[in-house]
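**Q** I am attaching a structure below and will ask some questions about it afterwards.
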Amino acid sequence: MASAWLWSSTTFLMIFISIFFPIPLPISLPPPITVTAAWSWPQIAISMACLLVPLTIITLIHFLPLLILHHDHRHNNNNNKNLPKGSFGWPLLGETLGFLNPHPSTSLGTFLQDHCSRYGKVFRSHLFLSPTVVSCDQELNYFILQNEGKLFECSYPKPIHGILGNVSMLVAVGDTHRRLRNVALSLVNVTKSNPEFLHDVEMTATMILKSWSGKEQVLFCEEARKYSFNVIVKQVLGLTPKDPETTRILEDFLTFMKGLISLPLYVAGTPYARAVQARSRIASSVKAIIEERKRRRRMEGEGYFGKGKVDFLEILLGVETLSEDEKVSFVLDSLLGGYETTSLLLAMVVHFLGQSPLALSHLKLEHENIRSWKKEEECLSWEDYKKMEFTHHVINEAMRCGNIVKFVHRKALKDVKFRDYLIPSGWKVLPVFTAVHLDPSLHPNALKFDPWRWESEDQTSKKFTPFGGGLRCCPGSELAKVEIAFFLHHLVLQNFRWRTEDSDGPLAFPYVEFEKGLLLNLDHS
Ligand code: HEM
């Protein structure tokens, strides 16, 4: 999902700077001024003024509105007693640095812990340049998600729009969002149980696992990324790893992802500018594939339809409610949504299984049992997937404990009253999923990885929202889960044993990653 990869995996400071400087800086700066002994004082004063005036103007452009804003909010707060308790922190910075401070994703982190114990589960703060209400409360989180478009609206930082484009489903609102989303939901419905899709997923999993033969170690995060990219690029564009376009699109796509988490300066050579260019190259590649498909349709006439191609693009070609640009953007959203989050979830599951031999052996039994009913080499089916009950418990528990998406970005569209609180119109609102997932009053022994708890818990309840909720609930959730389940099926049935390193846990930056890439030690003996 979306919000996870919208944040930096390397340094939260970069994100912070990027939020403060969301406008391009001048491409060429004036030549440096050198002071020599021959200069008179008036000359020096003029030179200093030349330097200081633009600097002052730049500073004012950036910071004055923020200072005024900050002052206003302090003032308003004093007048309004119904705001949640909390603190705005430093002028300009607010509490953003504390909020973004890295911590294990299996914990709440000191910032949220401190604030919840001081102010309660709902508190006010100043984050990402905006007065904010942070919610660690399951009822308020649910209320926010269910009122998308009515009381609250998705609101990601502006530089993200610059790079994704305004017709991206991830940032679009209102009617555009609704149209794109309807298409996404029907595509996923058609795809998830399609035998051809399931076969592709399974083939990709076995191909990755075969490539481990003879190796003593693999970096699992890399393997998981390879897996999820190959699956999604096949499903969306019908490309296999052997197609030359696949490598090109992967390279452009990685550049595009780096730009999403970089300083948003549109200056030649910066990651941001490279990402914008990479996006336009991917768009051209996608358009070229669309043109080729259309050409083949024309040449082969009616006979072409239904000739086995079931990828997103083929179905998209027939959708009349989307413009060409929206179709291209849709393809990008699917790649972006389906790549990093899915591979991270797979890594998370493997991480927890590595620490829980009992769960691993239980999982193995389940898959041996499923295999025992099938002929040798017979492909897995949707019915097999449905039978993988314990596998689903393991996936749910890995999402609850590992928290791939810590929070999502919303803003209040009008003054909203919730319980005794007032959430003022225009304020940012951050429902924090991690806080609810790790709340011991909702999940007994909340910090323990215990897949068996899902035998009696409801995975659709308010206290479990790894895929968000309401009108923006992740449309790709079922595809991601099938991918994970099929990979696990083949992983646990391999002849080799594997072991993770204890020291490598998932860290929330707040985007989650394994610092050392989750090294797996393989034992083929
Ligand atoms: C483990 C895997 C995944 C996780 C944890 C995840 C999580 C999420 C979350 C939390 C949201 C809601 C964002 C918000 O409310 O602002 C979301 C939205 C979205 N996800 Fe996923 N996702 C996953 C896999 C996928 C896959 C496989 C796809 C596509 C094939 C996908 C495509 C999308 C799209 C397009 C949206 C935007 C939906 C909208 O705004 O209506 N995701 N995801």
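**Q** Looking only at region 426-476, which residues are touching a helix residue (DSSP H, G or I) at 6+ places or on another chain (Cβ under 8 Å), among the basic types (Lys, Arg) and within 16 Å of the ligand (Cβ to nearest atom)?
**A** 462, 463, 472, listed by residue number.
**Q** Given the condition closer than 19 Å to residue 313 by Cα, touching a Lys or Arg at 6+ places or on another chain (Cβ under 9 Å) and more than 16 Å from the ligand (Cβ to nearest atom), answer yes or no: does some residue in region 202-223 qualify?
**A** Checked against the condition, which is being closer than 19 Å to residue 313 by Cα, touching a Lys or Arg at 6+ places or on another chain (Cβ under 9 Å) and more than 16 Å from the ligand (Cβ to nearest atom), region 202-223 yields no hits at all.
**Q** Return yes or no: is residue 450 surrounded by fewer than 16 Cβ atoms within 10 Å (Cβ to Cβ) and farther than 20 Å from residue 191 by Cβ?
**A** So residue 450 fails the test.
**Q** When residue 513 is evaluated against the numbered criteria (1) modelled with pLDDT of 95 or more; (2) touching a Cys at 6+ places or on another chain (Cβ under 9 Å), which criterion, by number, is the only one it fails?
**A** Unmet for residue 513, out of (1) modelled with pLDDT of 95 or more; (2) touching a Cys at 6+ places or on another chain (Cβ under 9 Å): (1).
**Q** On the given criteria, is residue 187 closer than 17 Å to residue 483 by Cβ, near the ligand (Cβ under 10 Å from one of its atoms) and not β-branched (Val, Ile, Thr)? Don't jump to the end; show me each part of the working.
**A** Values: closer than 17 Å to residue 483 by Cβ: yes; near the ligand (Cβ under 10 Å from one of its atoms): yes; not β-branched (Val, Ile, Thr): yes.
Yes, satisfied.
Residue-wise test of (1) surrounded by fewer than 15 Cβ atoms within 10 Å (Cβ to Cβ); (2) over 30 Å from residue 351 (Cβ atoms).
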{"residue": "127", "(1), (2)": "no, no"}
{"residue": "140", "(1), (2)": "no, yes"}
{"residue": "159", "(1), (2)": "no, yes"}
{"residue": "165", "(1), (2)": "no, yes"}
{"residue": "204", "(1), (2)": "no, no"}
{"residue": "211", "(1), (2)": "yes, no"}
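**Q** Suppose we keep only residues that are part of a helix (DSSP H, G or I) and within 13 Å of the ligand (Cβ to nearest atom) within region 134-174. Which one would you say is modelled with the lowest pLDDT?
**A** This residue is 160.
**Q** Check every one of the helices (runs of 4 or more DSSP H) wholly within region 304-392 and list those with 1 or more residues that are away from the ligand (no atom under 14 Å from the Cβ) and within 30 Å of residue 171 (Cβ to Cβ). Break it down stepwise before answering.
**A** Details: elements: 312-317, 324-355, 357-372, 382-387.
Fully inside region 304-392 and qualifying: 312-317, 324-355.
**Q** Considering region 94-110 alone, what residues qualify as being more than 20 Å from residue 466 (Cβ to Cβ) and out of contact with any strand residue (DSSP E or B) (no Cβ under 8 Å at 6 or more places or on another chain)?
**A** Within region 94-110, 97, 98, 100, 101 qualify.
**Q** Quick check on this structure: which one of 422, 479, 471 is assigned to a strand (DSSP E or B) and in contact (Cβ under 8 Å) with a residue 60 or more places away in the chain?
**A** Going through 422, 479, 471 in turn, the sole match is 422.
**Q** Follow-up question, since we're still on this one. What is the residue count in region 403-425 for residues that are among the charged types (D, E, K, R) and away from the ligand (no atom under 16 Å from the Cβ)?
**A** Final tally of qualifying residues: 5.
Results for (1) under 30 Å from residue 496 (Cβ atoms); (2) β-branched (Val, Ile, Thr); (3) surrounded by fewer than 22 Cβ atoms within 10 Å (Cβ to Cβ), shown as yes or no for each residue.
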site	(1), (2), (3)
224	yes, no, no
228	yes, no, no
235	yes, no, no
241	yes, no, yes
251	no, no, yes
254	yes, no, yes
274	no, no, yes
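**Q** Scan region 406-416 for residues that are in contact (Cβ under 8 Å) with a residue 40 or more places away in the chain and over 26 Å from the mean Cα position of the chain (by Cα) and jot them down.
**A** 414, 416
**Q** On the basis of being outside any loop (DSSP other than H, G, I, E, B) and of a type in the set (S, T, N, Q), does residue 107 make the cut?
**A** no
**Q** Given 265, 239, which one is aliphatic (A, V, I, L, M), part of a loop (DSSP other than H, G, I, E, B) and within 16 Å of the ligand (Cβ to nearest atom)?
**A** Answer to the check: 239.
**Q** If the requirement is being more than 16 Å from the ligand (Cβ to nearest atom), in a strand (DSSP E or B) and in contact with an Asp or Glu (Cβ under 7 Å, 6 or more places away or on another chain), which of these qualifies: 520, 507?
**A** After ruling out the rest, the residue left standing is 507.
**Q** Oh, and also: Please give the number of the condition residue 172 fails out of (1) within 27 Å of residue 335 (Cα to Cα); (2) surrounded by fewer than 19 Cβ atoms within 10 Å (Cβ to Cβ); (3) free of Cβ contacts under 8 Å to residues at least 60 places away in the same chain; (4) not hydroxyl-bearing (Ser, Thr, Tyr).
**A** Tallying (1) within 27 Å of residue 335 (Cα to Cα); (2) surrounded by fewer than 19 Cβ atoms within 10 Å (Cβ to Cβ); (3) free of Cβ contacts under 8 Å to residues at least 60 places away in the same chain; (4) not hydroxyl-bearing (Ser, Thr, Tyr), residue 172 fails exactly one: (2).
**Q** Please determine whether any residue of region 155-168 is in contact (Cβ under 8 Å) with a residue 12 or more places away in the chain and within 12 Å of residue 429 (Cα to Cα).
**A** Restricting attention to region 155-168, the residues satisfying the condition of being in contact (Cβ under 8 Å) with a residue 12 or more places away in the chain are 155-160, 162-165, 167-168.
Among the residues that remain, those that are also within 12 Å of residue 429 (Cα to Cα) are: 155-156.
Yes, the conditions are met somewhere in region 155-168.
**Q** Another question, if that's okay. Given (1) touching a Cys at 6+ places or on another chain (Cβ under 6 Å); (2) closer than 18 Å to residue 390 by Cβ, where does residue 467 come up short, assuming only one miss?
**A** (2)
The rows are residues; the columns are (1) β-branched (Val, Ile, Thr); (2) touching a strand residue (DSSP E or B) at 6+ places or on another chain (Cβ under 6 Å); (3) within 16 Å of residue 482 (Cα to Cα); (4) touching a residue at least 40 places away in the same chain (Cβ under 8 Å).
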position: 180; (1), (2), (3), (4): no, no, no, yes
position: 193; (1), (2), (3), (4): no, no, yes, yes
position: 197; (1), (2), (3), (4): no, no, yes, yes
position: 200; (1), (2), (3), (4): no, no, yes, no
position: 203; (1), (2), (3), (4): no, no, yes, no
position: 209; (1), (2), (3), (4): no, no, no, yes
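**Q** Does residue 400 fit the bill of being more than 16 Å from the ligand (Cβ to nearest atom), at pLDDT 95 or above, assigned to a helix (DSSP H, G or I) and out of contact with any Gly (no Cβ under 8 Å at 6 or more places or on another chain)? Break it down into steps so the answer makes sense when it comes.
**A** Details: more than 16 Å from the ligand (Cβ to nearest atom): no; at pLDDT 95 or above: yes; assigned to a helix (DSSP H, G or I): yes; out of contact with any Gly (no Cβ under 8 Å at 6 or more places or on another chain): yes.
So residue 400 does not fit the description; no.
The values are calculated or read from the model by the stated rules, or taken from the named source; none is laboratory data. Only a predicted model underlies this, so the values are computations on that prediction, with no experimental measurement involved. Note: ideal-geometry Cβ built from the backbone for every residue, glycine included; neighbour counts use all protein chains shown.
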